[in-house]
Structure formats: C-alpha cells, structure tokens
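The structure appears below as structure tokens.
Values in this text are rule-based calculations from the coordinates and carry no lab data. Note that the structure is a prediction, hence the values are computed from the model and not measured. Positions of Cβ are backbone-derived with ideal geometry, glycine not excepted, and every protein chain shown enters the neighbour counts.
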Amino acid sequence: MTPLDALPRSAYIHVPFCAHRCGYCDFTLVAGRDDLIDAYLEALAIELTKLERPCEVDTLFFGGGTPTHLPAPELERLMTLARRWFPPAPGAEICVEANPAGLDDVKIAVLAQAGVNRVSLGVQSFDDAVLKLLERDHRGAEVPAVVERVRRRIPNIGLDLIFGVPGQSFGLWRDTLAQAIALRPTHVSTYGLTFEKGTAFQSRLNKGLLQRCDEEVEQQMYALAMDELPQAGFEQYELSNFARPGFRSRHNEVYWAGRPFFGFGPGAARYAAGRRELNHRSVTTWINRVLAGQSPIAESEELSAEGSARELVMLNLRRGEGIHLAQFREQTGFDFRQLAGEALPRHLRQGLLEECDGHIRLAREGRFLADTVFAEYV
Ligand code: SF4
C-alpha cells in the first residue's frame, strides 16, 4: 500500500451558510436560507453513515460558507455529530473557519468545548472602504476585540487577508499587513482577489463597473507580504500561507502533500485510494438527494498513476519545501525529472524553479508566475 492508498486521517466538513453572498464569492453556499440548516444537519448525519464506523482523524476541518453562521445550538449539534464519526486522535488539529461578524462568546464557548483548537478568521482587510467593496459584514475596528475574545478560549488563530482589491492602494495593504501582525496571530493567509465566473464581481467587471487592481501593484502587494511576514517571524510554508513555528495548518498540509482525506457536505471533495470524488455543489440538490437516499456524488474520477503523480507535482510545488525528489518517487513510483521533461531545466534556467538539498521548489520569481509554471507539469 502506497501512502496515496492509505485510509484518510483527515476530514473536511462543508458548512454552506452565510448571511449574504459577498460579490466575489463562488463558494458552495446559500445566503439568507437559514431555514435549511435543520435539513442540512439531518442530511449530513445521513451522509456520514456512509463511513459505516467512526474513523479516527489527525485533522478535522470545518469550512464554508461560514460554519459559525450556525446558531449556537446547531453549531453544537454539528460538532457533536462530526466528533462522533471522526474521533480526534490525541493532539489532533480541529479547525473552524469563522467570520468576525456574529462570532459571540456563546459560539466561541461551543467551539472550545467541542475541542476546536484552531480558528481561521476571515478578516480580509482592516480598511472599511475595502471591506465595504468586498461586501463583508464587519468593520476593521471590530477585529481586534474579536481576536482577543477568541484567544481567551482558543489561542491558535489564523487571519485570512485579501489583496489586489479594486481601489486598494499599496499603502492600504501595507497597513492591513501591519495591523494583522500587531494582533499576534499564529498564522496569516494572503490571497489575491480573483474574479470567478458567475460572480457579481465578474459581471460588474464585464460591465466596466469595477476595475481590476493593476497587475504590477498586485505583484508588489504579494512581494510585500513575502517580505513583511517572514520579518515578523512567520515562515512562508506555502504560496499563500505564513505560519509561526509550529503553527502551520496541518489540515491543509495534507492536501499539499497529496495525502488522502474525507469530505462531507455539499460541494465537498474527497480523495482516497487514487479516486477523487466531488459532491453536488447545489446545497438543495445535495440535501434532497441525501434525504431521498440517493448518492450526493456529482463527479467521481479514478486518477491514473501518472495523473496522480502530475497532480502531486502541482500540490507539492505550492509548498515552501517544494518536491522532495526521493519522497516523490516513493509516493508515486515516478521520477520527477523524467516526468517533467524539458520544462524542468528550462524553469531552472529561467530562475522560476530552484533545486536545493534533494528538493525542487518555486524560486521567489516563480511564486509570481506559479499558475504558468504549474500548467507545464499537469
Ligand atoms: S463570508 Fe466568505 S464564504 Fe460567505 S459569502 Fe462571503 S466570501 Fe463567501
């Protein structure tokens, strides 16, 4: 059995509820449909019975949507249900994505009592004009108090930030980074804003009602994060992720290492034994199918050995440590140099990739062009 075939030790649960849909968001969720929360929990309980028996995990991740949008009693039901099927191993990471708006002490207590030991907080910005444009529900000045309240019960707090927002100047981004660092989080994620198909932002962009951030400025913003966060003691261990020592997201590292994981809920993906599956993205379709005893799976794909290996190239290259050549061979049965062909020496020559101590990884220049580099290995 290769590591790719092993039984998952990680589980993702998708919680598809938000107060409203932010204009740039294309995640699987319903906004303003809290009437579906009960049916969702009922369907989730049924979907989890597919496991047949509880499976101990090292990481359990609740993502969304906004998991903490659930009222406290429903949040507690969700935690109890998940822990019954995924008993955490000693020292397991249990992480919940949360938004500052509405994260009150009662919900924080529910999370802490359920053993949640990591909170990923969707701060995005400290500037109210940027937050308004992103259609977020909180104000920048509210964030420090929320962080302190969470920290009293759950000290391991990651902050998510967005750069490249229309109208966001380089100076505003620098201030947001500085304010994030001042809050002493254990982890910071920085994402460039993307205009996804079907979002309100994309349609406003097409109509000329929104202007993209200048590409050069966006690169400078990313470069600033890569300079400032390490100077403040964070290690850039993935393209968009920075952690204090000992505080990497263990759950996300499972994805980037190409290890197997369970996934439950609408739109959730799972990967085990070389098979990748994706649940229906429509929340109501997923609920109706599960409650009717039908399969919630929309896509199922058996990856070829080479397909798995190529996907692993892309995932591994996202990591600061890149591809560990010997481990890659052991995990996939393929030699990366042979798989890469002429693209590898070219990228090394161009300074987009670099080789160091048996690893091949993105060089700093390559991180700005990561998608272009990845495209040549899939
Ligand atoms: S809060 Fe997050 S998940 Fe919810 S709509 Fe906004 S961006 Fe999407």
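For the chain, take every pair of Cα atoms, bin their distances at 10 Å starting from 0, and report each bin as a whole percent.
It works out to 5, 22, 32, 29, 12, 1, in whole percents.
According to the Kirkwood expression over distinct Cα-Cα pairs, how big is the hydrodynamic radius of the range 58-189, in Å?
For the range 58-189, the Kirkwood estimate is 15.3 Å.
Would the range 159-209 count as rounded, prolate or oblate if I go by the C-alpha gyration tensor, calling it rounded below 1.5 in a/c and otherwise prolate when a/b exceeds b/c, oblate otherwise?
Since a/c reaches 1.5 but b/c is at least a/b, the shape of the range 159-209 is classed as oblate.
Order these by the 10 Å Cβ neighbour count, fewest first: 297, 157.
So the residues, fewest neighbours to most, are 297, 157.
Give me Rg over Rh for the range 279-353, both radii from the alpha carbons and Rh done the Kirkwood way, two decimal places.
Across the range 279-353, the Cα-based Rg/Rh ratio is 1.23.
For Cα pairs less than 8 Å apart in space and 6+ apart in sequence, what is the mean separation divided by the residue count of the range 227-282, i.e. the relative contact order in percent?
So the answer I get is 17 percent.
Hydropathy at least 0.5 by Kyte-Doolittle, axial extent at least 15 angstrom from the Cα trace: which helices of the chain, defined as entire DSSP H runs, fit?
37-48, 170-182
State whether the range 59-110 is rounded, prolate or oblate according to the following rule on the C-alpha gyration tensor (a ≥ b ≥ c being the square roots of its eigenvalues): a/c under 1.5 gives rounded; otherwise a/b larger than b/c gives prolate, and the remaining case gives oblate.
Prolate, since a/c reaches 1.5 and a/b exceeds b/c.
Given an 8 Å cut-off on Cα distances and at least 6 residues of separation, report the relative contact order of the range 86-134 as a percent.
Relative contact order comes out at 44 percent.
How high is the relative contact order of the chain, given as a whole-number percent (alpha carbon pairs under 8 Å, six or more residues apart)?
17
Please express the shape of the range 227-378 as an equivalent ellipsoid: the semi-axes are the square roots of 5 times the eigenvalues of the C-alpha gyration tensor, given largest first in whole angstrom.
32, 20, 13
Quick one: check the C-alpha center-to-center distance for the range 128-158 versus the range 175-226, whole angstrom.
17
How large is the Rg to Rh ratio of the range 325-378 when both quantities use alpha carbon positions and Rh follows Kirkwood?
Numbers: Rg = 11.0 Å, Rh = 11.5 Å.
Checking Rg against Rh, the ratio lands at 0.96.
Return the calculated 222 nm mean residue ellipticity for the chain, to the nearest 500 deg cm²/dmol, obtained by summing -39500 (n - 2.57) across DSSP H runs with n ≥ 4 and dividing by the residue count.
On the way: 16 runs with 149 residues, N = 378.
Per the formula, -11500 deg cm²/dmol.
Per residue, how big is the convex hull of the range 107-146 when only Cα atoms are used? Give it in Å³.
Value for the range 107-146: 74 Å³ per residue.
List, in order, the whole-Hz ³J(HN,Hα) value for each residue of the range 126-133 obtained from phi through the Karplus relation with A = 6.51, B = -1.76, C = 1.60 and θ = phi - 60°; use x for Gly and Pro.
9, 9, 5, 5, 5, 4, 5, 4
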